[in-house]
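So the structure is just underneath, and the comments pick up after that.
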Amino acid sequence: MIPDRPQDDGHPTRLHLVDGAPAWRPARGDALVRYTPCARRTTALLLLSGAFDSDTVPCLREALDAVRNPQIELVLLDVTGVRFGDSALVHALTDTRSRPQRHVVMGPLPRQVAFLLDVTETRATLDIALDDTPAP
């Protein structure tokens, strides 16, 4: 977790502290990935918010890399705050299947994200846990 470390694609990501916890955001755009501690030490919760495209998704990849360690068995990805996502977000979410931990996308899925996963036929490939609240 190094601030302003350039990604492989050349997009810088900045590490911030939000409410005392690490948060990743791109140099441009409003995407934000916040780490939230969980009661279980083997679980990491990442809260995603804003718009995720090819310019901003590197902050998600950086956050996923930061929680990739032997102590973490489960990564929860709360996407309820995502207002836009394109194929870069789908790619980042589907790439979690090749990581050693179990990754669960938490909802409710925002309508745009649900549509994106349906049109790309990737919804069934992801482990998604939804609640009963309708998405905005």
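The values are calculated or read from the model by the stated rules, or taken from the named source; none is laboratory data. These figures come from a predicted structure and were not determined experimentally. Cβ placement follows ideal geometry from the backbone for every residue including glycine, while neighbour counts extend to all protein chains displayed. Keep in mind that these areas ignore ligands, DNA and RNA; they rest on the heavy atoms of the full protein, side chains included. Shrake-Rupley method; radii C 1.70, N 1.55, O 1.52, S 1.80 Å.
Do the sum for the chain: with -39,500 (n - 2.57) for every DSSP H run of n ≥ 4, divided by all residues, what is the mean residue ellipticity at 222 nm, to the nearest 500 deg cm²/dmol?
Helix-only estimate at 222 nm: -5500 deg cm²/dmol.
With a cap of 15 neighbouring Cβ atoms within 10 Å, and only residues DSSP puts in a loop, list the trypsin sites (Lys or Arg not before Pro) found in region 33-134.
Values: sites: Arg34, Arg40, Arg41, Arg61, Arg68, Arg83, Arg97, Arg102, Arg111, Arg123; in loops: Arg40, Arg41, Arg68.
Within region 33-134, the qualifying trypsin sites (Lys or Arg not before Pro) (loop, at most 15 other Cβ atoms within 10 Å) are Arg40, Arg41, Arg68.
Under a Cβ-only charge scheme (Lys and Arg +1, Asp and Glu -1), can you give me the dipole magnitude of the chain about the Cα centre, in debye to the nearest 20?
340
Taking a probe of 1.4 Å, how large is the accessible area per residue of the chain, in Å²?
Here the per-residue accessible area is 54 Å².
For Val18, list long-range residues whose amide hydrogen, built 1.01 Å from N in the peptide plane, is under 5 Å from its own amide hydrogen.
Correct list: Ala23.
Return the long-range amide H neighbours of Gly85 (sequence gap of 5 or more, or a different chain), with a cut-off of under 5 Å between placed amide H atoms.
Result for Gly85 returns Phe52.
Within the accessible area of region 28-136, what % is carbon and sulfur when the probe is 1.4 Å and the other protein chains stay in place?
52
For the pair Ala129 and Asp65, what calculated FRET efficiency results from E = 1/(1 + (r/R0)^6), where r is the Cβ-Cβ distance and R0 = 25 Å, to the nearest 0.05?
0.65
Taking just the alpha-carbon atoms of the chain, what radius of gyration and Dmax come out, in angstrom?
13.9, 39
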